[in-house]
1. Would you check which residues across the range 174-193 are surrounded by 13 or more Cβ atoms within 10 Å (Cβ to Cβ), in contact (Cβ under 8 Å) with a residue 40 or more places away in the chain and not acidic (Asp, Glu) and list them?
2. Specify the residue that is modelled with the lowest pLDDT; the eligible residues are those in the range 145-171 that are in contact with a helix residue (DSSP H, G or I) (Cβ under 7 Å, 6 or more places away or on another chain) and more than 20 Å from Thr228 (Cα to Cα).
3. Any chance you could count how many residues in the range 197-224 are β-branched (Val, Ile, Thr), more than 16 Å from Ala107 (Cβ to Cβ) and surrounded by fewer than 18 Cβ atoms within 10 Å (Cβ to Cβ)?
4. Being crowded, with 19+ Cβ neighbours inside 10 Å and not polar (S, T, N, Q) is true for just one of Leu157, Leu117, Leu164. Which residue is that?
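The values are calculated or read from the model by the stated rules, or taken from the named source; none is laboratory data. Keep in mind that this is a model prediction, so the values were computed, not measured. Please note: Cβ atoms are built from the backbone with ideal geometry, for glycine as well, and neighbour counts cover all protein chains shown.
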Amino acid sequence: MNEVTLRLIDQIERQISDEGLRPGERLASERALAEQLGVARTALRLALTELENRGSIRRTMGRSGGIFVADGKIERQLNTTAGVPDMLRQQGRRSTTVVIRVDIGLATPSERRGLALAAGENVVRIVRRRDADGTPWSLDTSVLPARLVPAIGSHALHGSLYALLAEKYGLEPAEADETVDIAAADETTAAHLGIAVGAAVLQVWRTARTDDGTPIEFAHDYFRGDRTRMHLRRYGASWKRVS
């Protein structure tokens, strides 16, 4: 690594420290940074690439893209019904999905409550592992009312389940209730996520509904605690205190 690159890395790291920038906060644009540091953008890109490789920053493309402070963790956003692939893509991560199991069976009592099903109704259970940049991030179990998703197992399940439900079955999630808890990974979860038994995981229970209130998914997901940060944005009246 040449002297200019090392100097730029040091300057950018000091800027992050001096300005008290936290993970997820945006740095100046590439053009503005190059002007501030008095270097060509080609030289700056070498330093940014090294910082990205170290996990100190991340760069994303698109209208909401930019250069962001990072610590290697991935934001699990709570104020959206976007699926995991979309969340990862928005953060400049490479998303892959491993389908572990798809089966159909009688709904359990908790599944019946979550999906407002009658006794004796069947559900489809889809278990998948989501990888970010080639490393396991989450273990997801989605339970769907079987009568609403006939032959869903014949479709590719490596992408967004919500996109598939909307495109093939006309079921578009408009809202979701989520409960987040901290748990210790059991043997199965630990094996799939590549972590030690007992390691901390974020446990998310979710019920997704269409705009008419029909429950279409009852989900139970585990996210690696060492790779995940929860993010919630509050809007308008929900922020105001009631006196």
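1. Passing the criteria: Ala174, Ala176, Val180, Thr189, His192, Leu193.
2. That would be Gly159.
3. Within the range 197-224, residues that are β-branched (Val, Ile, Thr), more than 16 Å from Ala107 (Cβ to Cβ) and surrounded by fewer than 18 Cβ atoms within 10 Å (Cβ to Cβ) number 2.
4. Selected residue: Leu117, the only one of Leu157, Leu117, Leu164 that is crowded, with 19+ Cβ neighbours inside 10 Å and not polar (S, T, N, Q).
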